[in-house]
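Here is the structure we will look at, set down as structure tokens.
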Amino acid sequence: MAATVTKAGTPYKSSGMLIWRLFFGLFGLMAAGVIWFSTARPITVLPRITLAPGFYLSDQNGERFTSEDLRGQIVLYNFTYTNCTDPCVATSQVMAEVQSRLLTVDASVPLKLVTFSIDPDRDDAAQMAAYSTELGADGSVWHWATGGAKQLKSVIGGGFGVFYDVREDGRFKLDPAFFLVDGSGVIRAEYRTEEPDIDIIMRDFGLLAAEVDHSEGIYRFAYEAAHLFSCYPR
Amino acid sequence: MIHVDPRERNFIIGTTILLLIFGTAVLVSSFAFGFQVPAPVERLDPKLVATPGQSPWGDPVEERVRELAPNKYEVYILAQAWNFQPREIRVPVGSTVTFMVTSKDVQHGFRLDGTNVNMMVLPGEVAKLTATFDEAGTYNFVCHEYCGVGHHTMYGQLIVEP
Ligand SMILES: [Cu+2]
């Protein structure tokens, strides 16, 4: 490529040469920008995993409770039943701990917790209300809900992909799992363990809250770029 | 126009065309044909993976085919020298099945005939892919990473029932 070098002091021979230099210059700048963005990662986002299922259930006050009621809010879901003696007890403790730390997250949208009971036969509204009060649930932040067995199976098993099955002794086999869902109803994080790192859950609430607050106007494109380059937390 | 030696220019053009062909092939295969690249979704301890209570692979074999919802299944398959557990899987026609495969010893493979499920199975990692079965029949799966003297006995069947 020796021919591309112009001798010092000689003017460009033609405008064609200038266009090529500009072209390569711009290309180099763009490439440098892309490399900088994907390595320095100025913005961290959570991946858009898949759409969370819609649901039409009733809550611990016996009132209608749907996925639409949670639009625009950041929600942590988990699943249990009030007669649980297995790992699901620990997952409820995790939810209680998260509730106590929600105020530390700087957010302009409401942050919510939702627990689904997989045992609608025994867990009516009164039972869920009593159990949630025992756990220290604040009814305006932490919702409890249940519904018909068929719908629960399609929402929890089909939608969230969490397996549960009733055993002969009336207990359930239930995989421990938590899901963080954004205001558009997209699952952004899942924690499939009975003892997730609560610091990480709080961090993820913070990332989603920051995305809502900062991805406006031109910054929307910066956030899209962060998704494109998989700038996920490590 | 910059002067470039003709032979050099031919190479530049040739490599650019190759790059475009391969780039297009990647995009077409992923979007038009729906190829998925199996990614490790989870890491676990291969020594503990088959221990009851430690993971779904520790559950009894007959509980490893799980119905998440009508026509939606997940199967936890443990690959070991030299078999798959479970080695026979039954699902109804129209089912979407997610295969979660891990190894408790050495490197194995998991290839399900008639689908695009084709994964390398490494100890300590979970290989995950999903396939939908709209036609009844028997689909064979084999280990296609050489894993020792019993390698040829590592196979099983997925039976899609009408
Ligand atoms: Cu093998």
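The values are calculated or read from the model by the stated rules, or taken from the named source; none is laboratory data. Everything numeric here is computed off the predicted structure, so don't read it as measured data. Using ideal geometry, Cβ is built from the backbone for each residue, glycine included, and neighbour counts are taken over all protein chains shown.
Considering B:G137, B:G53, B:G124, B:G114, which residue is at pLDDT 90 or above and surrounded by fewer than 17 Cβ atoms within 10 Å (Cβ to Cβ)?
Just a single option satisfies the conditions, and that option is B:G137.
Take the residues in the stretch B:148-162 that are closer than 17 Å to B:P86 by Cα and hydrophobic (A, V, I, L, M, F, W, C); name whichever of them is farthest from the ligand (Cβ to nearest atom). My answer is B:V160.
Set side by side, the residues B:A81, B:A69 differ, and just one is among the small types (G, A, S) and within 16 Å of the ligand (Cβ to nearest atom), which is B:A81. Total residues in the stretch B:96-128 satisfying the condition of being over 16 Å from B:R43 (Cα atoms) and touching a Ser or Thr at 6+ places or on another chain (Cβ under 8 Å): the figure is 3. Within the stretch A:121-140, does at least one residue satisfy the condition of being assigned to a loop (DSSP other than H, G, I, E, B) and either within 14 Å of another protein chain (Cβ to nearest Cβ) or under 18 Å from the mean Cα position of the chain (by Cα) (or both)? No.
Which members of the stretch B:1-50 meet the condition of being closer than 30 Å to B:V117 by Cα, modelled with pLDDT of 70 or more and in a loop (DSSP other than H, G, I, E, B)?
Residues of the stretch B:1-50 closer than 30 Å to B:V117 by Cα: B:18-50.
Then drop every residue that is not modelled with pLDDT of 70 or more, which leaves B:18-29, B:42-50.
The answer is B:E42, B:L44, B:D45, B:P46, B:K47, B:L48, B:V49, B:A50.
So, A:M95, is that one within 23 Å of the chain's Cα centre (by Cα), in the same structural domain as A:F205 (by TED's automatic domain parsing), crowded, with 19+ Cβ neighbours inside 10 Å and in contact (Cβ under 8 Å) with a residue 24 or more places away in the chain or not? Steps first, please.
Numbers: within 23 Å of the chain's Cα centre (by Cα): yes; in the same structural domain as A:F205 (by TED's automatic domain parsing): yes; crowded, with 19+ Cβ neighbours inside 10 Å: yes; in contact (Cβ under 8 Å) with a residue 24 or more places away in the chain: yes.
For A:M95, the condition - within 23 Å of the chain's Cα centre (by Cα), in the same structural domain as A:F205 (by TED's automatic domain parsing), crowded, with 19+ Cβ neighbours inside 10 Å and in contact (Cβ under 8 Å) with a residue 24 or more places away in the chain - is met.
For the stretch B:1-27, which residues satisfy the criterion of being hydrophobic (A, V, I, L, M, F, W, C), within 14 Å of another protein chain (Cβ to nearest Cβ) and either touching a residue at least 24 places away in the same chain (Cβ under 8 Å) or within 20 Å of A:I19 (Cβ to Cβ) (or both)? Once the filter is applied, which keeps residues that are hydrophobic (A, V, I, L, M, F, W, C), within 14 Å of another protein chain (Cβ to nearest Cβ) and either touching a residue at least 24 places away in the same chain (Cβ under 8 Å) or within 20 Å of A:I19 (Cβ to Cβ) (or both), the stretch B:1-27 yields B:M1, B:I2, B:V4, B:I12.
Of all the residues in the stretch A:164-194, those that are within 14 Å of chain B (Cβ to nearest Cβ), modelled with pLDDT under 90 and part of a loop (DSSP other than H, G, I, E, B) number 7. Does A:A32 satisfy the condition of being closer than 30 Å to A:Y232 by Cβ and modelled with pLDDT of 80 or more? Against the criterion (closer than 30 Å to A:Y232 by Cβ and modelled with pLDDT of 80 or more), A:A32 qualifies.
Among the residues making up the stretch B:42-89, those that are within 14 Å of chain A (Cβ to nearest Cβ), within 18 Å of A:F163 (Cβ to Cβ) and in contact (Cβ under 8 Å) with a residue 60 or more places away in the chain are B:E42, B:L44. Kindly evaluate A:R203 against the criterion of being away from every other protein chain (no Cβ under 14 Å) and part of a helix (DSSP H, G or I). In short, yes.
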